[in-house]
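This report refers to the structure that appears directly beneath it.
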Amino acid sequence: MTRDSVRILVPTGMLGGGFPPETVARGLDLGADVIAVDGGSTDSGPYYLGSGTAKTAAAAVARDLRVLLRAAAAAGIPLIVGSCGTSGTDSGVDWVAGITRDVLAEEGLALRVATVYSEQRAADLEEYLDRGRVHPLPPAGDLDPATLESCRHIVAMMGHEPIEAALAGGADVVLAGRATDTAVAAAYPLMVGMPAGPTWHAAKIVECGGQCTTNPRAGGVLATVDATGFTVEPLDPAVACTPTSVAAHMLYETANPFAMREPAGTIMVAGATYRALDDRRVRVEGSRFEPAAQYTVKLEGARITGYETMSFTAIRDPHILGQITTWAALLRKMITEWVAQTLGLEPGEYAFDIRLYGHDAVLGDLDPETRPPREVGVMLLVNAADQRTATAIAKIANPLMLHLPTPDMDHLPSLAFATSPAETERGAAYEFVLNHAVDVDSPTALFRIHLPEQSDVR
Amino acid sequence: MSGKTVADLALEVRSKNAGPFWVTMELFMRDAAGYAVVADPGFLDEPVIARLYGVAADTIQIFRLPELNVVKISFPRPVVQGSLHDRDIHAGQHHVPLALLPLPDRGP
């Protein structure tokens with residue numbers, strides 16, 4: 001199967017993010033060969049991996065999938081979704097698969113759906129660790145088996161090969177667990193023989209949909225990959241790609257804008273050229289893909305750090321605002337004393353953060369601004385070993401957050417709680433703990449591919 | 001002091017996570033003249049970023065892209081994303097100390 005070019009349609013940066021349906025219709029008119037869309041990211045924090053739940057609403061995912069499944073069926077082209085359910089856990093894949101099943105039934109579409117699972121068991125990874133095949137990525141240190149065991153969920157980021165295997169196995173729709181953002185768009189062009197350099201660079205440019213255009217809110221993009229490079233254009237005819245908008249996207253959410261590591265090698269774009277073909281299409285040539293000596297798969301893991309309760313009050317009184325840091329230091333001291341007296345807990349046995357929104361909550365000591373605030377929201381965030389303790393600590397702080405004066409006041413102020421009750425239980429709190437890569441013998445070794453016939457192929 | 005800041009010469013200054021353990025920020029300058037100011041290591045280098053953000057200078061990477069009039073800066077996140085003391089989950093507001101960096105005084 002050889003062809004001159006492959007057209008990749010990316011409707012949006014994230015499944016569930018929404019897009020005008022007519023932009024997808026336009027992509028089909030332009031001859032799209034595959035629809036690729038990312039379903040997740042670590043960008044919104046460790047909660048989604050830790051809890052195995054999605055950031056997006058089921059109704060928003062269903063709305064987007066309805067348009068995309070209809071389009072894939074009408075054009076007879078594959079649809080690939082990566083990092084299903086935000087974090088790409090098995091529960092995330094099953095969640096998107098369930099929504100897909102419902103939409104297919106409602107629309108009377110008979111598409112063959114494959115799922116690719118990327119969740120890992122700590123015990124399996126410990127075998128790799130024992131054989132010296134797990135390496136830290138900066139700034140991480142060496143991995144301890146106890147860290148693996150502490151994770152609620154661990155996922156491995158697949159490259160394009162497991163997705164390609166699912167397509168080769170007869171899938172019309174591939175719902176993948178955690179995958180690199182680029183693998184989702186690169187899988188089909190690589191499968192049909194497009195060169196690695198232009199394919200991977202194109203995949204990086206289109207992974208966030210319209211982010212590489214002059215209007216990121218107007219829908220997605222179409223990239224045409226061929227033997228010598230790729231061309232990218234927005235799906236909305238009123239929007240443009242410019243050499244600057246395309247080149248600048250290599251900077252987005254990447255630590256290094258010239259070299260990006262994928263499981264199979266490194267995308268090298270330092271020598272790439274960006275040229276306007278007309279006022280809204282950009283041609284990119286000169287991208288290279290440097291194969292790595294060892295195929296590596298990156299791991300992500302999240303564990304519970306404790307349970308959190310939040311409380312929120314607000315201050316408008318100019319006298320207190322004039323001494324807000326003194327007031328906050330007093331609040332911290334009083335909470336610590338009262339918790340020791342009532343619960344018998346010492347500071348090392350729980351933790352809390354006092355954030356002065358309107359003063360310096362976001363930047364803290366880094367804030368260059370020195371003007372006094374007009375009003376301040378005071379957030380207390382408590383982390384303890386269990387929810388009951390976290391809430392007890394927040395409740396002990398409640399009278400202080402209502403009435404604490406500054407040291408020079410001779411009356412008790414009453415401050416402005418935002419809600420009743422003031423405390424909100426946040427449940428388990430998580431943290432990312434893995435930043436490591438595994439040397440594997442095969443690109444599909446860590447992934448389970450369920451073809452439409454439900455056979456389990458390794 | 002001229003009273004002007006880096007932001008006055010920029011189209012956009014932005015910051016964002018680059019994965020859970022890194023933060024990256026970009027100065028998109030208006031023109032080559034503005035680029036020349038911020039790309040000058042005598043004005044903006046690793047020790048300056050280290051002071052602005054309270055991080056170790058040897059962990060900072062600075063990329064200068066003259067064809068885009070962009071300077072890009074990456075360093076490990078001082079506070080791990082989503083932890084108790086992380087007040088900016090996407091690190092999307094951490095461009096401000098860089099944007100408000102006073103420009104060098106060019107004399108009278």
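Numerical summary
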| item | result |
| --- | --- |
| Förster-model FRET efficiency, 45 Å R0, residue A:3 and residue A:44, C-beta, rounded to 0.05 | 0.75 |
| Loop trypsin sites (Lys or Arg not before Pro), segment A:362-435 (other Cβ atoms within 10 Å of the site Cβ: 11 or fewer; DSSP) | A:374 |
| For segment A:84-224, alpha-carbon Rg relative to the globular expectation (2.2 N^0.38 Å, N residues) | 1.23 |
| Translational diffusion of the protein assembly as shown, µm² s⁻¹ [Kirkwood Rh, Cα pairs; Stokes-Einstein; 20 °C; 1.002 mPa s] | 84 |
| Longest segment of chain A lacking GluC sites (Glu not before Pro) that sit in a DSSP loop with at most 16 other Cβ atoms within 10 Å | A:1-368 |
| Chain A, dipole about Cα centre (Lys/Arg Cβ +1, Asp/Glu Cβ -1), debye to the nearest 20 | 760 |
| Å³ per residue enclosed by the Cα convex hull of segment A:303-433 | 115 |
| Above-threshold pairs, the threshold being 29 Å between Cα atoms, out of A:298/B:72; A:55/B:16; B:4/B:72; A:298/B:16; A:333/B:16 | A:333/B:16 |
| 1.4 Å probe accessible area per residue over segment A:80-218, in Å² | 34 |
| Two-site label geometry, residue B:63 and residue A:130: point separation in nm, points 7 Å out along Cα→Cβ | 4.0 |
| 13 Å reach of a label modelled at residue A:110, 7 Å along Cα-to-Cβ, counting backbone N of segment A:55-79 | none |
| Long-range HN-HN contacts of residue A:430 with modeled amide H, under 5 Å | A:305 |
| Helix-derived mean residue ellipticity, 222 nm - over chain B, DSSP H n ≥ 4, -39500 (n - 2.57), to 500 | -4500 deg cm²/dmol |
| FRET efficiency, residue A:279 to residue A:425 (Cβ-Cβ, R0 51 Å, nearest 0.05) | 0.40 |
| Threshold 10 Å², segment A:39-62 residues less accessible with all protein chains present than alone (1.4 Å probe) | A:42, A:43, A:44, A:45, A:46 |
| Helix axis angle, A:324-343 relative to chain A longest principal axis, alpha carbon, degrees | 80 |
| Estimated [θ] at 222 nm from DSSP helical runs (n ≥ 4, -39500 (n - 2.57)) normalised by residues in chain A, nearest 500 | -9500 deg cm²/dmol |
| Solvent-accessible area, 1.4 Å probe, carbon plus sulfur percent, for segment B:6-99 | 56 |
| Backbone HN-Hα couplings from phi across segment A:377-389 [Karplus 6.51/-1.76/1.60, Hz, Gly and Pro as x] | x, 9, 9, 10, 10, 10, 10, 9, 5, 9, 5, 4, 5 |
| Percent antiparallel among DSSP beta bridges (both partners in segment A:132-275, rounded to 5) | 90 |
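The values are calculated or read from the model by the stated rules, or taken from the named source; none is laboratory data. Only a predicted model underlies this, so the values are computations on that prediction, with no experimental measurement involved. Neighbour counts run over all protein chains shown; Cβ positions are idealised from the backbone, glycine included. Remember, those area values only see protein heavy atoms, side chains included, never the ligands or the DNA or RNA. Shrake-Rupley method; radii C 1.70, N 1.55, O 1.52, S 1.80 Å.
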